[in-house]
Amino acid sequence: MNASEYMNMNAIIAKKRDGLRLTKKEIEFFIKGYTADEIPDYQASALLMAMYLNGLSDDEIFELTDAMKNSGDIVDLSAINGIKVDKHSTGGVGDKTTLVIAPIVASFGVPIAKMSGRGLGFTGGTVDKMESIPGMRTDLSAEEFIKQVNDIGMAVIGQTAEVAPADKKLYALRDVTGTVGSSGLITSSIMSKKLASGSDAIVLDVKCGDGAFMKTKEEAAALGQMMVNIGRKFGKKMVAVISDMNQPLGNAVGNSIEVKEAIETLKGNGPSDLTELSLTIAGIMIYLGEKADSPVDGRKMAENAIKDGSALAKFAEFVAAQGGNPSVINDMSIFKPAKYRIGITSRTEGYIADLPAKNIGLASQHAGAGRLTKEDEIDMTAGVYLYKKTGDFVQKGALLAEVFSNDKRRAEAAAEEISEVYGSNICGIAENADLSEEKESMGALKENKSSIIKAVIGL
Ligand code: URA
């Protein structure tokens, strides 16, 4: 089809520029034409900017989501019995929750047929993390994927089908035209992919804070509500959890280092923020999958699955089914150690006032854990382990963090960055000073920062 035969892109841009609402036909024309390379980037950019500046009505967001969903394959999960429940995080640093949550939920017979992404910029991706387990495959065929979910209750793979190709093109354009941070555009981008991925219920983990698109809890809650509304219009069960991303989730940031932390969490030894977020989301998923009477009951069941070892056993089954070595749950030496390991110690005594997730994510990426270009190979051993987080008190000389990498130069550069992040964020305290006031305010800060869940929408 030649796009210009039916409608005029100039007129559509001008209409949106003037604050008018676009029709279903106009939105479909734009999405079809842009996906088919019939509308040039400069016209698409102008329209995106008009959408960004003037906002989108609920109907426009619905139509945009629908058109983007229909731009590619729709995954058919009907051959899997039961209510398929998916989860999606808007992206963060140290977010390994899928590896903890999926086996917990699947251990109760709620099927998890999940397609995950690779790392992007300073945020990591579940598929890359999984591939740090030697032998683990993330490229199952559609038949293998469905069969595995029917056999063991879960599978996690990279995107195989051409899901929402319109979003892929538009997201790349938004990334370089200052139009990412629009809640209407983010909603249609995320929901088009989720709706095309075939699950019946979706729990969204919308991050807020320094390392997230949405900086405040209020902005994140508004985005969560918008995505819940859109998903429900498409007949899906929807819940959004708003969680903190002012500092990394858990202590490990990287690939194999995050898988190790996920395994420890499944054994009940995980960091409190990661454990809390995983149990909350898992509880909601078990409830939406109709295996618990309430999210609270679901959460109790999730806790039990960790206590009695059934979640860990499901994780081992999942690793084995996808070609990895299941002994990894008891033998971490299966992960190759990094050649270089650099400790960062505190130059002063004080409290950690802040630990910006973005800077830690960037340092981990520079150590080799993430890609700078799409073609880059990831160093699975690379990353950062944080021994001290926001609100913690540290003595002079205390170990704050360690950096891992197979490349000495990269390890040193990342260690320098991490040292700067901590250096500029420790409140130094004079010797013999009265600490009571600082202790009080830092106690409050830690309390506030450690409440990882900020809100739940849709229950
Ligand atoms: N994640 C997405 O997939 N799309 C957005 O627009 C933002 C975050």
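The values are calculated or read from the model by the stated rules, or taken from the named source; none is laboratory data. Just so it is clear, the structure is predicted and the values come from calculations on it, not from any experiment. Ideal geometry is used to build each Cβ from the backbone, glycine not excepted, and the neighbour counts take in all protein chains shown. Just so you know, the surface numbers come from the protein's heavy atoms only, side chains and all, with ligands and any DNA or RNA stripped out. Shrake-Rupley method; radii C 1.70, N 1.55, O 1.52, S 1.80 Å.
Please work out whether the range 164-248 counts as rounded, prolate or oblate from its C-alpha gyration tensor, where a ≥ b ≥ c are the square roots of the eigenvalues and a/c under 1.5 means rounded, while otherwise a/b larger than b/c means prolate and anything else oblate?
It is oblate, given that a/c is not under 1.5 and a/b is not larger than b/c.
Just subtract the alpha-carbon distance of Val296 and Tyr387 from 0.36 nm times their residue separation and send over the number in nm, one decimal.
Length gained between Val296 and Tyr387: 29.6 nm.
Would you work out which of Ile152, Val253, Ile306 lies farthest towards the positive end of the dipole of the chain? Charges go on Cβ: Lys and Arg +1, Asp and Glu -1.
Ile152
Hey, can you rank 373-384, 27-38, 195-206 by average C-beta count inside 10 Å, highest first?
195-206, 27-38, 373-384
If you take every residue apart from Ala50 with its C-beta less than 9 Å away from the C-beta of Ala50, what net charge results, scoring Lys and Arg +1 and Asp and Glu -1?
Computed value for this residue: +2.
If packing is taken as the mean number of other Cβ atoms within 10 Å per residue, what is the order of 230-240, 353-363, highest first?
Descending packing order for the listed peptides: 353-363, 230-240.
Where does the range 154-209 land on Rg/Rh, using Cα atoms and the Kirkwood Rh?
Rg divided by Rh gives 0.99.
Restricting to Cα atoms and excluding each atom paired with itself, what does the Kirkwood estimate give for the range 235-344 in Å?
15.6 Å
So, with +1 on the Cβ of K and R and -1 on the Cβ of D and E, and no other charges, what is the size of the charge dipole of the range 183-244 about its Cα centre, to the nearest 20 debye?
My answer is approximately 300 debye.
Using Cα atoms only, what is the angle between the long axis of helix 408-423 and the major principal axis of the chain, expressed in degrees (0 to 90) to the nearest 10?
80 degrees
Helix-only estimate, please: 222 nm mean residue ellipticity of the chain, summing -39500 (n - 2.57) across DSSP H runs of length 4 or more and dividing by its residues, to the nearest 500.
-14000 deg cm²/dmol
Using Cα centres only, tell me the gap between the range 317-354 and the range 78-154 in whole Å.
20 Å
Got a sec? Charge dipole of the chain, +1 on Cβ for Lys and Arg, -1 for Asp and Glu; which of Ile263, Ser182, Ala282 is way out at the positive end?
Ala282
Using a 1.4 Å probe, what is the accessible area per residue for the range 3-55, in Å²?
56 Å²
Mind jotting down a quarter of the surface of the convex hull over the alpha carbons of the range 3-55, in square nanometres, one decimal?
3.2 nm²
Test of understanding: what is the full-extension gain from Glu416 to Thr23, defined as 0.36 nm times their sequence separation minus their Cα-Cα distance?
Gain on extension, Glu416 to Thr23, equals 136.2 nm.
Counting other Cβ atoms within 10 Å of each Cβ, which GluC sites (Glu not before Pro) in the range 116-171 have at most 12 and sit in a DSSP loop?
Sparse-neighbourhood loop GluC sites (Glu not before Pro): Glu162.
Could you work out the Rg to Rh ratio of the range 73-145, with Rh taken as the Kirkwood radius (inverse of the mean 1/r over all Cα pairs)?
Radius of gyration over Kirkwood radius for the range 73-145 works out to 0.96.
Counting only protein heavy atoms, what percent of the accessible surface of the range 3-55 is carbon or sulfur at a 1.4 Å probe?
Carbon and sulfur atoms account for 52 percent of the accessible area of the range 3-55.
With unit charges on the beta carbon (Lys/Arg positive, Asp/Glu negative), name the residue among Phe30, Tyr52, Leu20 whose Cα is farthest towards the positive pole of the charge dipole of the range 3-55.
Of the candidates, Leu20 comes out farthest on the positive side.
Treat the chain as a sphere of radius equal to its Kirkwood radius over Cα pairs and apply Stokes-Einstein at 37 °C in a medium of 0.692 mPa s; give the translational diffusion coefficient in µm²/s, rounded to a whole number.
Estimated diffusion coefficient is 143 µm²/s.
Please list Cys208, Cys427 from largest to smallest accessible area, probe radius 1.4 Å, with all protein chains kept in place.
Cys427, Cys208
Rank-order 278-284, 413-419, 324-330 by packing density, defined as the average count of other C-beta atoms within 10 Å over each peptide's residues, highest first.
Descending packing order for the listed peptides: 278-284, 413-419, 324-330.
Give me the angle, in degrees from 0 to 90, between the Cα long axis of helix 256-266 and the longest principal axis of the Cα atoms of the chain, rounded to the nearest 10.
For 256-266 against the chain, the angle is about 80 degrees.
Read phi for every residue in the range 359-366 and hand back ³J(HN,Hα) as whole Hz from Karplus 6.51 cos²θ - 1.76 cosθ + 1.60, θ = phi - 60°, with x for Gly and Pro.
After applying 6.51 cos²θ - 1.76 cosθ + 1.60, I find 5, 5, x, 5, 4, 5, 4, 5 Hz.
Does anyone have the angle between helix 272-288 and the longest principal axis of the chain? Alpha-carbon axes, 0 to 90°, nearest 10?
40 degrees
Pairs to check: Lys236/Lys454; Lys336/Lys454; Lys260/Lys388; Lys16/Lys168; Lys24/Lys236. Give those whose C-alpha atoms are more than 25 Å from each other in this structure.
Long pairs (Cα-Cα over 25 Å): Lys336/Lys454.
Given charges of +1 on the Cβ of Lys and Arg and -1 on the Cβ of Asp and Glu, with all other atoms neutral, how large is the dipole of the range 33-167 about its Cα centre, in debye to the nearest 20?
In debye, rounded to 20, the range 33-167 gives about 800.
Excluding ligands, DNA and RNA, what is the solvent-accessible area per residue of the range 140-222 at a probe of 1.4 Å, expressed in Å²?
34 Å²
The range 1-131: Rg/Rh from Cα coordinates, Kirkwood Rh?
Taking Rg over the Kirkwood Rh, I get 1.08.
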